[in-house]
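Read through the structure below, which is laid out as structure tokens, and then see the notes.
The values are calculated or read from the model by the stated rules, or taken from the named source; none is laboratory data. Quick caveat: nothing in here was measured; it's all calculated off a predicted structure. Here the Cβ positions follow ideal geometry from the backbone for every residue, glycine too, while neighbour counts run over all protein chains shown. To get the accessible areas, we keep the full protein, side chains included, count just its heavy atoms, and leave off ligands, DNA and RNA. Shrake-Rupley method; radii C 1.70, N 1.55, O 1.52, S 1.80 Å.
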Amino acid sequence: MVEQKNSNNVVIVGGCGHVGLPLGIVLASQGWSVALLDIDATKVETVNSGRMPFREEGAETVLKQVLGTTLKATLDPACLRSAAVVISVVGTPVDRHLNPTVNELYGSVDNILQYINDGALLVLRSTVSPGITRVIYERIKLLGRDIDIAFCPERIAEGNAMEELVKLPQIVSAFEPRALRRSRELFITIVPTIIELSPLEAELAKLFTNSWRYLNFAISNQFYMLAESCGLDFYRIYEAVTREYPRMRSFARAGFAAGPCLLKDTLQLSAFSGNNFFLGHAAMLVNEGLPNFIITQLRSLDLATKTVAILGMAFKGDSDDKRDSLSYKLMKLLLIEAKEALCTDPYVPDPRLVSLEEAISRSDIIVLGTPHSVYRDLYIPPEKTVVDIWNYWPERRGNAAAATAEAVGGTRRS
Ligand SMILES: NC(=O)c1ccc[n+]([C@@H]2O[C@H](COP(=O)([O-])OP(=O)(O)OC[C@H]3O[C@@H](n4cnc5c(N)ncnc54)[C@H](O)[C@@H]3O)[C@@H](O)[C@H]2O)c1
């Protein structure tokens, strides 16, 4: 039996993930009646018990307020039958040949179509390869379905979703005026500014956003490696060039540029360009090469005889998300090159990790993998060598680099 369609009903497909859940909570807090449809039973249960399946600042409090009134999580696609708006945020990974995979997205759209009523608005929110919105639009039109299709990319940074979702301008796009109007009407209930683009422009806008960030980090990481490889302290130069010099304001600090989005989206843009996105390729080599650079530096400290601790395994500070984290790449390299690798993180669930105390006490060398706030005032005994690519502990900076410089005969200004 087809349920009565309620014009306020939103279903988010992939609703218990990093993008879907904060969006669902925010929409529910604005009075929308939201169902979070997911295939992960554990996450659905966690959300329905009022807990977040991952760290997201401020989200759990609001989740508890809206749960059971305007928000619920479910495994049952029948919820789609009453949806006026369906938002799809399933993952869009790249494959082992570095090409975007859309099977998950196509499969999910094909699957949900049998439940969605004509007249509904389907918003694609996953980051997609340019042209995918048109493919989906044409597939649905070919089926003779009267469903409005829009592409409205998510641009939040994990961890800041609750703040950014209601602050950042929302890009909306569609092939038809009705779909564009409806997506504008949806998002204007949570954001102050709507920006309209064509679907292809919007797809590129999202990929440009993440690739731009990734390229910026690569510049800093490349400069870091250049300076440190000749025994200089990168951050002395960094501080000199950024001080009272407005044109260097966007110069990022060095650090692991990782996570589920930046590399993947640079790869999506690269595949779209027919592998002619040379800057993107260079950025990948630089950013993915940073753990290798650390290993090369540490070799001069007789690495094979040393126990190395990695503090922080999440891909970024204060997160529990380890997807595509470069700390794990470093761990793999250390397992080959060092006497022992001890990894620790206060938030990442992984049975291979050890406690912070053990990592510090048993190691000779400590690498800061992730600048979690809880590490800010950490006491590290002075005899330990510290590698801090982030300059998170300026007072400890240079311990390893100084020793390396001495070992390779380089000079280092102190
Ligand atoms: N994580 C971010 O910060 C971020 C930011 C902007 C955009 N994005 C994009 O958003 C998309 C989703 O990313 P994410 O980080 O939220 O991923 P995620 O893995 O955290 O969430 C995806 C969710 O979809 C569920 N799912 C998978 N297949 C499903 C299906 N067929 N039906 C219902 N649910 C299904 C999964 O169980 C999971 O809960 C990706 O395209 C990503 O590039 C992510």
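Couple of notes before you dig in:
- In this simple spin-label approximation, Y245 and S49 carry label points 7 Å from Cα along the Cα→Cβ vector, and these lie 5.4 nm apart.
- Summarised in one figure, the compactness ratio Rg/Rh of segment 213-292, Cα atoms and Kirkwood Rh, is 1.02.
- The HN-Hα couplings worked out from phi for segment 272-280 by the Karplus form 6.51 cos²θ - 1.76 cosθ + 1.60 (θ = phi - 60°) are 5, 7, x, 6, 10, 8, 4, 4, x Hz, whole numbers, x standing for Gly and Pro.
- Counted over the chain, the DSSP beta bridges are approximately 5% antiparallel.
- Dimensions (Å) - segment 88-245, Cα atoms, principal axes, largest first: 66, 39, 25
- Accessible area in the full protein assembly, largest first, 1.4 Å probe, for R352, R81, R96, R145: R96, R352, R81, R145
- Taking label positions 7 Å along the Cα-Cβ direction at both N275 and R145, the computed distance is 3.5 nm, reported to one decimal.
- Using only alpha carbons, segment 108-156 has a radius of gyration to Kirkwood radius ratio (Rg to Rh) of 0.96.
- Local charge for L98 was computed over the other residues whose Cβ lies under 15 Å away, with Lys and Arg +1 and Asp and Glu -1, and equals -2.
- In loop segments of segment 347-394 as defined by DSSP, the chymotrypsin sites (Phe, Trp or Tyr not before Pro) with at most 11 further C-beta atoms inside 10 Å of their C-beta are Y379.
- Here the simple spin-label model places points 7 Å from the Cα toward Cβ, and for E357 and R134 these points are separated by 6.1 nm.
- If you plug the beta carbon distance of L285 and T69 into 1/(1 + (r/R0)^6) with R0 = 51 Å, you get a FRET efficiency near 0.50.
- Evaluated over the Cα positions of segment 130-189, the convex hull gives a direction-averaged projected area, one quarter of its surface, of 4.8 nm².
- Taking only the Cα atoms of the chain, the radius of gyration and Dmax are 23.6, 79 Å.
- Net length gained if the chain between E201 and T42 were fully extended (0.36 nm per residue, minus Cα distance): 53.6 nm
- Using the Cβ of K316 as centre and a radius below 14 Å, the other residues enclosed give a net charge of -3, where K and R count +1 and D and E count -1.
- 11 Å beta-carbon shell around E163, net charge (K/R +1, D/E -1): -2
- Debye log10 I(q)/I(0) for segment 1-119, one point scatterer per Cα, at q = 0.12, 0.22 Å⁻¹: -0.42, -1.21
- Fraction in percent of alpha-carbon pairs per bin - 5 Å, segment 301-382: 3, 17, 28, 27, 17, 7, 1
- Compactness index (Cα Rg / 2.2 N^0.38 Å), segment 16-57: 1.08
- Taken over the alpha carbons of segment 251-389 as equal point scatterers, the Debye sum produces base-10 log I(q)/I(0) values at 0.13, 0.17 Å⁻¹ of -0.57, -0.91.
- 5 angstrom amide H check on I366, placed H, neighbours 5+ away: A309, T385, V386, V387
- Calculated diffusion of segment 44-180, Stokes-Einstein form, Kirkwood radius summed over Cα pairs, 37 °C and 0.692 mPa s, µm²/s: 197 µm²/s
- Accessible surface ranking that places the most exposed of K167, K43 first, with a 1.4 angstrom probe: K167, K43
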